[in-house]
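Engineer: Please read through the structure below; I'll follow up with questions.
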Amino acid sequence: MGAVVGTLTLQTRQRRPSSDKVDDDLELSVVCHRPEGLEKLEAQTNFSKKELQVLYRGFKNECPSGVVNEEMFKQIYSQFFPHGDASTYAHYLFNAFDSSHNGSIKFEDFVRALSILLRGTTTEKLQWTFNLYDINRDGYINKEEMTDIVKAIYDMMGRFTYPALKTDTTKQHVDAFFQKMDKNRDGVVTLDEFILSCQEDENIMRSLQLFENVI
């Protein structure tokens, strides 16, 4: 959870708004996509008008066209993990942000997801995280999906993974996950099982609160 929220938040905060006035209706000078009105986004998210303006300025600086494709997303995300390979995890994360499944992330997609991750309820955050792990979008997390995600996280962390990984570390992690979360032992984890198990884990619950007030 921290890997998802922390890096995205850093990306939006590393650039300060310029002295130019940020138009309330989020106008762009030259764009391929015109974002929705500020008032509508304010009503749909847990961000204030000023917070949306700051987020938009950072998004515009990185993506003048108003949309982010997967290759651009990978390049931006990989900057935060120079000692590992973040491309696979970034691929899964991109798909989770691409709510319309059209191969691009608009500012609306970005800010709605960020609103959930930073300011959403516990259930909303866990639902979003479940969708990230549910790679094939069938409503369940199976061992293959969990293995792919865990391996991608280890690849992303690179040589800074501690303790040093053994060849069977990923399998052990996934087996422990299913032992805890697959309540009825049917080989898959449902959304309800996922939420219940996470709510029973103090470490997971603490991680959900780490970035609530970072903006």
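Engineer: Which residues, taken from the stretch 42-72, are surrounded by 14 or more Cβ atoms within 10 Å (Cβ to Cβ) and either aliphatic (A, V, I, L, M) or part of a strand (DSSP E or B) (or both)?
Structural biologist: LEU52, VAL54, LEU55, VAL67, VAL68, ASN69, MET72
Engineer: Could you check the stretch 97-108 and list, in sequence order, the residues that are touching a helix residue (DSSP H, G or I) at 6+ places or on another chain (Cβ under 6 Å) and surrounded by 19 or more Cβ atoms within 10 Å (Cβ to Cβ)?
Structural biologist: PHE97, ILE105, PHE107
Engineer: Any idea which of (1) at pLDDT 95 or above; (2) of a type outside the set (S, T, N, Q); (3) not in a helix (DSSP H, G or I) is the one ASP85 doesn't satisfy?
Structural biologist: (1)
Engineer: Provide a single number: the residues in the stretch 84-108 that are touching a strand residue (DSSP E or B) at 6+ places or on another chain (Cβ under 9 Å) and not aromatic (Phe, Trp, Tyr).
Structural biologist: Counting residues in the stretch 84-108 that are touching a strand residue (DSSP E or B) at 6+ places or on another chain (Cβ under 9 Å) and not aromatic (Phe, Trp, Tyr) gives 7.
Engineer: Contact list please: Cβ distance under 7 Å, first residue in the stretch 160-182 and more than 13 Å from ASP148 (Cα to Cα), second residue acidic (Asp, Glu) and modelled with pLDDT of 90 or more, pairs at least six apart or on different chains.
Structural biologist: Matching pairs, first to second residue: MET181/GLU193; ASP182/GLU193.
Engineer: Might you let me know whether the stretch 194-212 holds any residue that is at pLDDT below 90, among the acidic types (Asp, Glu) and touching a Phe, Trp or Tyr at 6+ places or on another chain (Cβ under 9 Å)?
Structural biologist: No, that holds for no residue.
Engineer: Could I ask something else about it? Within the stretch 134-144, is even one residue crowded, with 17+ Cβ neighbours inside 10 Å, out of contact with any Ser or Thr (no Cβ under 7 Å at 6 or more places or on another chain) and closer than 20 Å to LEU208 by Cβ?
Structural biologist: Within the stretch 134-144, one or more residues are crowded, with 17+ Cβ neighbours inside 10 Å, out of contact with any Ser or Thr (no Cβ under 7 Å at 6 or more places or on another chain) and closer than 20 Å to LEU208 by Cβ.
Engineer: A further question on this structure: For VAL188, indicate whether it is touching a His at 6+ places or on another chain (Cβ under 6 Å) and touching a residue at least 24 places away in the same chain (Cβ under 8 Å).
Structural biologist: Here the answer is no, as VAL188 does not meet what is asked.
Engineer: Moving on. With respect to the numbered conditions (1) among the small types (Gly, Ala, Ser); (2) over 30 Å from THR45 (Cα atoms); (3) under 15 Å from the mean Cα position of the chain (by Cα), which one is the sole condition not fulfilled by GLY187?
Structural biologist: (3)
The values are calculated or read from the model by the stated rules, or taken from the named source; none is laboratory data. None of the values given here were measured: they were computed from a predicted structure. In this analysis, Cβ positions are derived from the backbone assuming ideal geometry, glycine residues included, and neighbour counts consider all displayed protein chains.
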